[in-house]
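Report on the structure given below.
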Amino acid sequence: MFSLKKKQTIEYLQSSLFGNCDFLEHAFCTRRGGASQDDYKSLNMSFREGDEEFRVLSNWDRLATAFAIELEQFLVVNQVHGDAIFTIKQHGSYFSSRDELNYDAIVTTRANLAICIKTADCVPVFIVDKVKKVIAVVHAGWRGTALEISAKVIKLMQNQYRTQPQDIVAAIGPSIGKCCYEVDATAVDAFGCHKNSEYFLFPGKKKDKWMLDLPEANRWQLIEAGIPEGNIEVSGYCTTCNQDIFFSHRGSGGITGRQVSFMMIKSDNPCRALIIDSELSVIH
Ligand SMILES: [Zn+2]
């Protein structure tokens with residue numbers, strides 16, 4: 001079960017599957033509780049969508065304050081609808097503000113680093129190895145899903161951290177649902193050779209259109225990778241049907257904000273993502 005919670009002004013969802021992981025902090029934020037206005041109302045976490053910079057900064061401040069996490073501990077990447085995975089090692093520096101961070105997934109064992117995914121219809125997938133304490137966040141739109149980015153993250157966890165699939169719990173956050181996600185032949189062709197596509201790709205009402213169930217497509221990737229079905233939770237929220245709660249790119253016609261979802265391993269050891277305050281808007 002996902003449940004809606006609130007810390008200070010910030011309204012967010014949490015997965016009950018992660019409830020037993022006391023080393024974790026996580027939130028799938030809604031659009032509620034921020035300072036942005038109009039199309040970006042109100043917790044818009046992206047500087048790149050035309051919102052006023054001081055409001056986005058204020059939103060990041062509110063999030064950081066609500067969860068008592070330093071602003072510099074949040075790591076955001078340039079999501080590019082690919083399948084590149086950013087692995088952050090336990091020790092050493094890994095990031096300077098000049099780096100081009102073109103990735104759609106982040107994997108780490110590093111504590112006190114809040115790894116983030118921004119979405120407005122795409123799927124945020126959170127993956128946790130409870131035993132080895134490895135965490136991963138994935139941005140999966142149709143392109144990334146067709147590239148099987150969630151499956152690739154699990155393969156990487158198996159290769160680099162010796163993760164056992166049965167030790168994994170996963171939460172699939174709010175995204176556009178099969179009720180609203182009409183796609184054309186380009187997207188369908190990309191899924192052409194996928195196993196089990198009959199469970200997430202359906203004929204649409206219009207000619208040459210299909211309905212794509214992105215959360216279900218990602219759920220199948222996790223199941224095919226050996227994760228027990230009972231270890232996977234899906235939010236059930238459609239962002240387009242629930243625009244009072246979430247930003248939706250499709251539902252808004254394109255001009256809208258981005259909600260952030262983050263996950264962090266809690267620890268007393270300090271960690272900074274080396275993000276320089278004055279460059280926050282360049283990076284996020
Ligand atoms: Zn919908």
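Scan the range 132-155 and give yes if some residue there is of a type in the set (V, I, T) and either open to solvent by 50 Å² or more (accessible area, probe 1.4 Å) or within 16 Å of the ligand (Cβ to nearest atom) (or both), otherwise no.
Looking through the range 132-155, none of the residues is of a type in the set (V, I, T) and either open to solvent by 50 Å² or more (accessible area, probe 1.4 Å) or within 16 Å of the ligand (Cβ to nearest atom) (or both).
For the range 1-25, name all the residues that are at pLDDT below 95, more than 19 Å from the chain's Cα centre (by Cα) and either open to solvent by less than 30 Å² (accessible area, probe 1.4 Å) or among the charged types (D, E, K, R) (or both).
Correct list: D22 only.
Does K205 qualify as being away from the ligand (no atom under 13 Å from the Cβ), over 25 Å from E11 (Cβ atoms) and modelled with pLDDT under 95?
yes
Of everything in the range 159-179, what is within 16 Å of the ligand (Cβ to nearest atom), buried (at least 16 other Cβ atoms within 10 Å of the Cβ) and outside any strand (DSSP E or B)? Give them in sequence order.
Of the residues in the range 159-179, the ones within 16 Å of the ligand (Cβ to nearest atom) are 172-179.
In the following step, the residues that additionally are buried (at least 16 other Cβ atoms within 10 Å of the Cβ) were identified as 172-178.
Passing the criteria: G173, P174, I176, G177, K178.
Under 9 Å between Cβ atoms, which residue pairs at least 6 apart in sequence (or on different chains) link something in the range 174-192 that is among the hydrophobic types (A, V, I, L, M, F, W, C) with a partner that is open to solvent by 70 Å² or more (accessible area, probe 1.4 Å) and within 10 Å of the ligand (Cβ to nearest atom)?
I176/C241; I176/R250; C179/C241; C180/C241; C180/R250
Anything in the range 224-242 that is within 16 Å of the ligand (Cβ to nearest atom) and open to solvent by 30 Å² or more (accessible area, probe 1.4 Å)? List them, or say none.
Residues satisfying the conditions are V234, G236, Y237, C241, N242.
Going through the range 64-99 one residue at a time, which ones are at pLDDT 80 or above and of a type in the set (D, E, K, R)? Reasoning before the result, please.
Going residue by residue through the range 64-99, those that are at pLDDT 80 or above are 64-90.
Once the filter is applied, which keeps residues that are at pLDDT 80 or above and of a type in the set (D, E, K, R), the range 64-99 yields E70, E72, D83, K89.
Spot the failing condition for D22; the list is (1) within 26 Å of K133 (Cα to Cα); (2) assigned to a helix (DSSP H, G or I), and only one is missed.
(2)
Among the numbered criteria (1) buried (at least 20 other Cβ atoms within 10 Å of the Cβ); (2) at pLDDT 95 or above; (3) more than 13 Å from the ligand (Cβ to nearest atom), which single criterion is violated by F246?
Here F246 meets the rest and fails (3).
Of the conditions (1) closer than 30 Å to G34 by Cα; (2) crowded, with 17+ Cβ neighbours inside 10 Å; (3) away from the ligand (no atom under 16 Å from the Cβ); (4) modelled with pLDDT of 95 or more, I255 fails just one. Which one is it?
(2)
A84 passes all but one of (1) more than 17 Å from the chain's Cα centre (by Cα); (2) over 15 Å from R258 (Cβ atoms); which number fails?
(1)
From the list V138, V153, pick out the single residue that is at pLDDT 95 or above, outside any helix (DSSP H, G or I) and either within 14 Å of A225 (Cβ to Cβ) or over 18 Å from the mean Cα position of the chain (by Cα) (or both).
Of V138, V153, the one residue that is at pLDDT 95 or above, outside any helix (DSSP H, G or I) and either within 14 Å of A225 (Cβ to Cβ) or over 18 Å from the mean Cα position of the chain (by Cα) (or both) is V138.
Has the range 26-39 got any residue that is part of a loop (DSSP other than H, G, I, E, B), surrounded by 20 or more Cβ atoms within 10 Å (Cβ to Cβ) and of a type in the set (A, V, I, L, M)?
Yes, some residue in the range 26-39 is part of a loop (DSSP other than H, G, I, E, B), surrounded by 20 or more Cβ atoms within 10 Å (Cβ to Cβ) and of a type in the set (A, V, I, L, M).
Six or more apart or on different chains, Cβ under 8 Å: which pairs go from a residue in the range 61-72 that's within 14 Å of N44 (Cα to Cα) to one that's open to solvent by 80 Å² or more (accessible area, probe 1.4 Å) and modelled with pLDDT of 95 or more? Could you list them?
Matching pairs, first to second residue: R62/Q8.
Might you check whether a residue that is over 25 Å from Q243 (Cα atoms) and touching a residue at least 60 places away in the same chain (Cβ under 8 Å) occurs anywhere in the range 132-142?
Taking every residue of the range 132-142 in turn, at least one turns out to be over 25 Å from Q243 (Cα atoms) and touching a residue at least 60 places away in the same chain (Cβ under 8 Å).
Provide a single number: the residues in the range 185-206 that are open to solvent by less than 70 Å² (accessible area, probe 1.4 Å) and either assigned to a loop (DSSP other than H, G, I, E, B) or of a type outside the set (A, V, I, L, M, F, W, C) (or both). Spell out the reasoning first.
As a first pass, look at the range 185-206 and keep what is open to solvent by less than 70 Å² (accessible area, probe 1.4 Å): 185, 187-188, 190-192, 194, 196-197, 200-202, 204.
Those still in the list that are either assigned to a loop (DSSP other than H, G, I, E, B) or of a type outside the set (A, V, I, L, M, F, W, C) (or both) too: 191-192, 194, 196-197, 200, 204.
Adding up the residues that qualify gives 7.
The values are calculated or read from the model by the stated rules, or taken from the named source; none is laboratory data. Everything numeric in this text was worked out from a predicted model, so none of it was measured. Ideal geometry is used to build each Cβ from the backbone, glycine not excepted, and the neighbour counts take in all protein chains shown. SASA here: full protein model, heavy atoms, side chains in, ligands and nucleic acids out. Shrake-Rupley method; radii C 1.70, N 1.55, O 1.52, S 1.80 Å.
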